[in-house]
Each structure stands twice: as structure tokens, then as C-alpha cells.
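Single-structure report; data block below.
The values are calculated or read from the model by the stated rules, or taken from the named source; none is laboratory data. Computed from a predicted structure; not experimentally measured. Cβ atoms come from the backbone with ideal geometry, glycine included; neighbour counts cover every protein chain shown.
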Amino acid sequence: MENLVIVESPAKAKTIERFLGKEYTVKSSFGHIRDLAKKGLGVDIDKSFEPIYEIPDDKRKVVDELSRLARTAKTVWLASDEDREGEAIAWHLAKVLDLPIDQTKRIVFHEITQRAILNAIENPRTIDMNLVNAQQARRVLDRLVGFELSPVLWKKVRPALSAGRVQSVAVRLIVEREREIIGFKSVAQYRVVAQFYIAGDENATLFKATLSHPFEKREDAEQFLNDCITEEFTVSKAEEKPVQRYAAPPFTTSTLQQEAGRKLGMSVSQTMSVAQKLYEQGLITYMRTDSVNLSQMAITQCKNEITRLFGAKYSYPHNFKTKAKGAQEAHEAIRPSYIERHEIEGTATEKRLYDLIWKRTVASQMVPAELDRTNIVIDLKNRKEQFTAVGEVVRFDGFMRLYSEAVDEDAQQEGEGGILPKMMVGDKLIATQITATQRYTQAPSRYNEAALVKRLEELGIGRPSTYAPTITTIINRGYVVKQNRDAQRRNLEQMILINGKIATKQTSESYGKEKNRLAPTDIGMVVNDYLETQFASIIDYHFTANVEKEFDRIADGEITWHKMIDDFYAPFHSLVDEAVGTQPTRSQQATRVLGVDPKTGQTVKARIGRYGPMVELEGENGEKGQFASLKKGQLIESISLEEALELFALPRNLGDLDGEALMVGVGKFGPYVRHGKSFASLAKSDDPYTITRERAEELLKEASAKQRAASEPIRTFPEDGSVVIKSGMYGPYIASNGKNYRLPKGTKVETLTLAECRKIMAKAKK
């Protein structure tokens, strides 16, 4: 064999094979072929924190094949990704396959195109040990933190918990935001909006202006409207100036995650998974990058495409400067491999993400949009308040013809945008209507994934490539939940001044709706509080960000990774020892007294129980108390006494049915309705606290019908009554003499013969 090319992904291998000749064999390592040993710490602390690597059992076959091929190949090319993780994969391959580090040909490319691959082969390099060591430092430090912190949590909080350098900081952000929300007191204000036209305007062109500050008291708002009956309104400022709006730079990993979340509703992990597939198919450049740079070739291609589509006046070739230090992970921003390719074949999600990347890239090379912005200030003769109006007119759309960056829901503002009539300082205005509407101040919004990624990046915590697994981890650990909340309605008062009279009417608004927002669980809050108390320095935002900078210094060859870990470990280990000796036991954690039950006079508490968060009504004279699980979305920290007492309503007796009680309760597997020995689960839309008797009976009938259907055969064979086909939870199956046999995928029940059934049964017995 002349050449063996090893990549980390089968899909990547398949794409590269298309561009290389028969003299090249391309194989995949299926990611890392070595990792830290699972048994024990996996790090030899006494030998300068030397990692103890092992080949996992599921990689033995892959390693054997690669070793065999490497021995027969004249040249081995290591072509894993060009970031630190990819460099580490290449190094592990070289070690395991016994390839000389200084002689092994390492090739990297930012895009999987024939041009890029052939260029890489013409310009190979050796393995960059600085990048490898940066990856090793991250892996070792994260193992040390997790291995030593997690057992402390098991002892002091609850078994099966974990902590991590980045994941714990992410949880802290979400917990702090939740506490801001819990502590927030919504206050009613009166927002005043007026509708004006210029005195003497024959067309009476209307426009809206907003009072600069709301009124906190109803009587103040009402007095203002009364004063406005005789007020005079004059334009005191009329500023019109041209402004330019510039295109956003091409995507980095982080901005792609954020924008895909905002525009496409994709999670961070989904975005990275789809982007990986696009890259491996050769459709986009490498999707793990901190850089906003584009190659000169890409800039030229964008220019040609923009000129062809929109005309030369829309083209604005330029490059963006990467501001972040440490943007060494890749050389270019995320862009299409071929700019002239507007659409791709693939799944709907792949098409949508590719379209987003294509538009963002091309728009970055288009001219700024030109707008006229008008700012109007309106004075009142007898009062100090002012009305303001802001308007924008797009004179030339520029890049906006193709693409506009999305805005977070939380950052969206009212009142801008409309076209305003031409006004001069001193113009008199006529108010046709002035409305004071009751509004409530809003609590900070919970993070969605895009907002959390943005905040982590602002703080310098983690890497964009780690955000997806971090978010997945904190959700899987039960520290955070992704939740939706239905909107609620509340009544609002509105006072309207029109034709010299004030009218009052009632209106309403919806509020509190959430979609895919991240909220902490009770156990997430308990773990966070414990870590903050005992390990404040470890989950400190600045400390975690500084660790990332240390990894960058290792990658740049400025410091050794052994020294970096050594400086970290001694003080960290002493904190762990102190925590084991001084902190309270699990029974002392997260108990909150809510008050006294007015009916019994007994204390009501909220705490973490064996099966999760719960409320407890203490028993009298040493008797066992009552217990109830918290509803979804309720927290120990915020649940009220009234809400807790409502939870004790279960189990509910809906009355007798055929001489037996019809009960509703919540069990290990969720809410249910029970009648005698018959059970039925409630649907997601059913509330066990409010479900009606009629609905409960309906659920029981449905469950009974399903049981009967499952017990009755859907196919029988007259020649052998012992063999029948039944319908089960996972589809049709063969039942014979008390045993069940799974049907092969794709089997058509209606044409299945007895002989075929016996063949399936015989095969299953072997």
C-alpha cells in the first residue's frame, strides 16, 4: 500500500476518498482511539500528573485494523481536524500505531474540497505538541475536578451527582438568574403614548410619540391627562441624520450556535451535529473556529456572486478582524465551501442551516445599509415631561437585501421604526388621542441556549466547541430543565384622553410565556449552593475564564501543562479535604419551613426527599406526617404555603363507581386514576388536581380497551391453534405456548404463514 490516510469520521473518510486517487486508502479512527483510564483517577499525581491512557474495548478492532494497514503502508497521513482535539487524536494515533512523531505526516485543511486536500498533501507538517498538550491539560484538569468534587457531593448532598469546571459555572449562571426572578417584584406603571399631527397639515398625517418616563401612580397619570386637555405641544428637537448599518461578520462557532437558536429554533447540540454533517460532506468549512476571517479566494467568490445577483453597487469586499485572543483554533470563519452553491441536497434541517451560513457569509461582503434616522422631542408648555418619537427610513438596503441578524426576544424594543412626517423645531402639534396604559415591570428572562452561550462566551468560560456537551450534561444530570410555560392573562386599566374627555376601559395582556428556557431544578440549586459555599474559587467566573487563558498559553508554547496543573492542584485538593471534614450531612440540606397549616396547626416544610423535591406536613404527637411531590416547575425556594397545601389534595376521591372508590393520585410513574385493581395513566394535558370524574372514567375505559386488544390475537392459524400473532407495545409479535417471539423488521403480518412463524421461532431458540 502506497498511502494510508487516517481521519476521525467515516463520513469525512468517504468524502475525502472521492478526491484522492487509487494510490490512497482512507480509513476512519472513529474519534479518539485512547482516553484516560476509567478505573481510578486515570492520572498519576506523583509523576507530574502524567495521564494514564487506555484503549477502550470498543476501539480494539479499529486499532487492530489501523495497525495492520499502517505496517504495510509506505506513508501514513494523519488528517484529523485542525483544532486541539484533532491534534490530540493524531498524536494518540501516532503513539498507538508506533509512528515516529517527528517523521509522521500531519495534514490539515479547513474545508473538504479537492483543492484544499491536495494542497495539504503538498504541504504536510509534524504533530504540534503544544496543541496536544493544551488538550491534555484540559482533559487532566477536568478529570481531577470531577473525580475529587463528585464524591464530596455524594457524601454531603445526594448520591450520583457530579461537578465540573465548566458545567458547574453554567449551572451557577442559571441559578443566579432564577433567584433574580424569584426576588423580582413586579410593579404597575402607566405608559403614556400620544397620537399627533402637525398643526396646519392638510392631510393630518398621524404619528405616535411616547412619554419619556412612565407614571408609577394612577392618580399621577390621570392628572397628566387632565392637564393635557389644555396643553400646547411644540417640537423642541427635530434631528434627522443619515446612519449606516453594517453587516455582521461571518459565523464563528459561537455566533452560529446563537443565530441558529434564534432564527431556526435549533438547540446548540443540534446545530453542532448538523454542521458536522455539512462539513464532512464537503459543503462548509470547519465548524469549530473562533475566527471571523475569510480567505481571499472566498472574498473574491462572494464579490462575483453578489455582482451577479444584485449588481456591483452591492459588493463590498473586505475582511473582518478577529478580536478574541486565542482565535487560533482555525484559520477561517464558517462559510460554504463553494460560494456559488446556493442550495444543497439533504434533510430539511441541513438545508436550513446551510442557507443560514450561505446568507450570513455573502451578506458580510455586501455594502452597509443606508438609513435616515429621525429623532423628535416634543415639549409641553406647562409641564416638564417630554414626548419622544424615533423613525427610520431605509434609503439603500445594502446587505439587508439578503440578511439581517436576529435579535434576542429579551432585547427587542418598542417604539422604533416607523416613518415620521417632516417636522421643524417650533412646529405646533395637535394631539388627537393620548393613552395611559397600565403596564407591569418584567422580571429578567430565563436563559435559552443561545443566550446562555452568549453569556458564557462574554465571560470567557469554556470553548464554543464545549458548549453543546456542557448544556447536555447539566440537563442529563438533572440540574437544569428545558421548559415551556403557558402565557397567563392579566387585566389592565387604560385611560384615554380624546376630544377633551377622559374615558377609562379595561383591557388585558398575556405574559409569562416561555419556550425552551433553562431553569434550575431544586437539586441543581442545592448543588450550586454547596459548591459556592465550599468551592467558591473553583466556580468563580474569573477563575474559570483564567483557566481557559492558561490553556491558550500552553497552546502557544508559553508554559508547560504540567506546571499549570501543579499550580492548580495543591490549593484545590486542600479545599476538598476541608469540605469532607466540615460540611453538613445530606439530611441538613435544602429544608425550607413554609409556615403552619391553618387547619391542623402543624408545620409545613419543603425539602429534597428520597424521590426528589417534596413538601411535608408534620404529624401530630410523633405520628407520621403527610408528604406530596412538587409539581413540574415548582421549586423549594419559591413555593408558597398556599401552593404547598394544595399538593396535599392528592390522592383525590372522585366518588364511588360500581361500589369502589374512583381515585386520582401521583405515583412513581406519574399521575394516574385507579378503580379497584384497574389503573390508567393521565395524559399530559390532564391535571390530577382538577381532572373531572367523567374524564377519569373515560381514561379507564380507554385503558381497558387497550388491554383487551392486546390480549386478543390479530392473526390465528387454523392448522395450529397454539401459534397466534398478537399486538404488543412495540408492535406485532408471535405468541406460542407461553413464550413470545419478536417479528423481524419489515414483516407483513397479513401475509405471514405458519411455516414462516415456526422458522422465526426456531431461529430465536438457537
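Do we have ALA348 as among the aliphatic types (A, V, I, L, M) and assigned by TED's automatic domain parsing to the domain that holds GLY418 here? Judged against the criteria, ALA348 is not a match.
Contact map, region 302-322: residues that are hydrophobic (A, V, I, L, M, F, W, C) paired with residues that are assigned to a helix (DSSP H, G or I) and crowded, with 17+ Cβ neighbours inside 10 Å, Cβ distance under 6 Å, separation 6+ or inter-chain. Pairs shown: CYS302/VAL362; ILE306/TYR314. Within region 48-62, the only residue that satisfies the criterion of being free of Cβ contacts under 8 Å to residues at least 24 places away in the same chain and either buried (at least 18 other Cβ atoms within 10 Å of the Cβ) or more than 35 Å from the chain's Cα centre (by Cα) (or both) is LYS61. The one condition from (1) surrounded by 17 or more Cβ atoms within 10 Å (Cβ to Cβ); (2) assigned by TED's automatic domain parsing to the domain that holds LEU459 that THR230 does not meet is (1). The set of residues in region 12-47 being part of a loop (DSSP other than H, G, I, E, B), of a type in the set (Gly, Ala, Ser) and either touching a residue at least 60 places away in the same chain (Cβ under 8 Å) or crowded, with 17+ Cβ neighbours inside 10 Å (or both) consists of SER29, GLY42. Of VAL7, VAL76, VAL108, VAL96, all but one fail to be surrounded by 14 or more Cβ atoms within 10 Å (Cβ to Cβ) and over 30 Å from SER337 (Cα atoms); the exception is VAL96. Residues that are outside any helix (DSSP H, G or I) and out of contact with any Ser or Thr (no Cβ under 6 Å at 6 or more places or on another chain) within region 538-573 comprise ILE538, ASP540, ASP556, GLY557, GLU558, ILE559, THR560, listed in sequence order. The combined condition, being touching a helix residue (DSSP H, G or I) at 6+ places or on another chain (Cβ under 9 Å) and either within 30 Å of THR285 (Cβ to Cβ) or in a helix (DSSP H, G or I) (or both), is fulfilled by ARG138.
A search for C-beta distances below 6 Å between a residue of region 743-766 that is touching a residue at least 60 places away in the same chain (Cβ under 8 Å) and surrounded by 15 or more Cβ atoms within 10 Å (Cβ to Cβ) and any residue that is part of a helix (DSSP H, G or I) and not aliphatic (A, V, I, L, M), counting only pairs 6+ apart in sequence or on different chains, returns nothing. Out of all the residues in region 510-537, which are hydrophobic (A, V, I, L, M, F, W, C) and either in contact with a Gly (Cβ under 6 Å, 6 or more places away or on another chain) or assigned to a helix (DSSP H, G or I) (or both)? Answer for region 510-537, where residues must be hydrophobic (A, V, I, L, M, F, W, C) and either in contact with a Gly (Cβ under 6 Å, 6 or more places away or on another chain) or assigned to a helix (DSSP H, G or I) (or both): ILE523, MET525, VAL526, VAL527, LEU531. Consider region 162-214 and keep the residues that are assigned to a strand (DSSP E or B) and not hydrophobic (A, V, I, L, M, F, W, C). The one that is farthest from ASN499 (Cα to Cα) is GLN189. Select from region 667-697 the residues that are out of contact with any helix residue (DSSP H, G or I) (no Cβ under 7 Å at 6 or more places or on another chain) and among the β-branched types (Val, Ile, Thr) and list them in ascending order. Hits for region 667-697 are THR690, ILE691, THR692. Does GLU697 meet the test of being of a type in the set (D, E, K, R) and surrounded by fewer than 16 Cβ atoms within 10 Å (Cβ to Cβ)? The answer is no for GLU697. The residues of region 371-404 that are under 14 Å from ALA247 (Cβ atoms) and either hydroxyl-bearing (Ser, Thr, Tyr) or surrounded by fewer than 16 Cβ atoms within 10 Å (Cβ to Cβ) (or both), listed by number, are PHE396, TYR403, SER404. Taking the stated definitions as given, is GLU392 acidic (Asp, Glu) and at pLDDT 95 or above? Taking the combined requirement at face value, the residue does not satisfy it. Applying the criterion of being among the polar types (S, T, N, Q) and closer than 30 Å to PHE572 by Cβ to the residues of region 510-533, the residue that is surrounded by the fewest Cβ atoms within 10 Å (Cβ to Cβ) is THR533. Scanning region 183-202 for residues that are more than 40 Å from the chain's Cα centre (by Cα) and either closer than 17 Å to MET424 by Cβ or not assigned by TED's automatic domain parsing to the domain that holds ARG446 (or both) returns PHE196, TYR197, ILE198, ALA199, GLY200, ASP201, GLU202.
Yes or no: region 448-461 includes at least one residue that is within 30 Å of ASN203 (Cβ to Cβ) and surrounded by 16 or more Cβ atoms within 10 Å (Cβ to Cβ). Scanning region 448-461, I find no residue that is within 30 Å of ASN203 (Cβ to Cβ) and surrounded by 16 or more Cβ atoms within 10 Å (Cβ to Cβ), so the answer is no. The residues of region 227-257 that are among the hydrophobic types (A, V, I, L, M, F, W, C) and not in a strand (DSSP E or B), listed by number, are CYS228, ILE229, ALA247, ALA248, LEU256.
LYS501 fulfils the conditions (1) surrounded by fewer than 18 Cβ atoms within 10 Å (Cβ to Cβ); (2) farther than 30 Å from GLU231 by Cβ except for a single criterion, (2).
Can you confirm whether ILE45 is at pLDDT below 90, within 23 Å of ALA134 (Cα to Cα), among the aliphatic types (A, V, I, L, M) and over 31 Å from the mean Cα position of the chain (by Cα)? No, not satisfied. Can you name the residue in region 121-135 that is part of a loop (DSSP other than H, G, I, E, B) and among the polar types (S, T, N, Q) and, of all such residues, is surrounded by the most Cβ atoms within 10 Å (Cβ to Cβ)? Ranking the qualifying residues of region 121-135, first place goes to THR126. Of all residues in region 652-671, none satisfies being closer than 22 Å to SER727 by Cα and small (Gly, Ala, Ser). Consider region 124-166 and keep the residues that are without any contact (Cβ under 8 Å) to a residue 12 or more places away in the chain and over 26 Å from the mean Cα position of the chain (by Cα). The one that is farthest from ASP566 (Cα to Cα) is PRO159.
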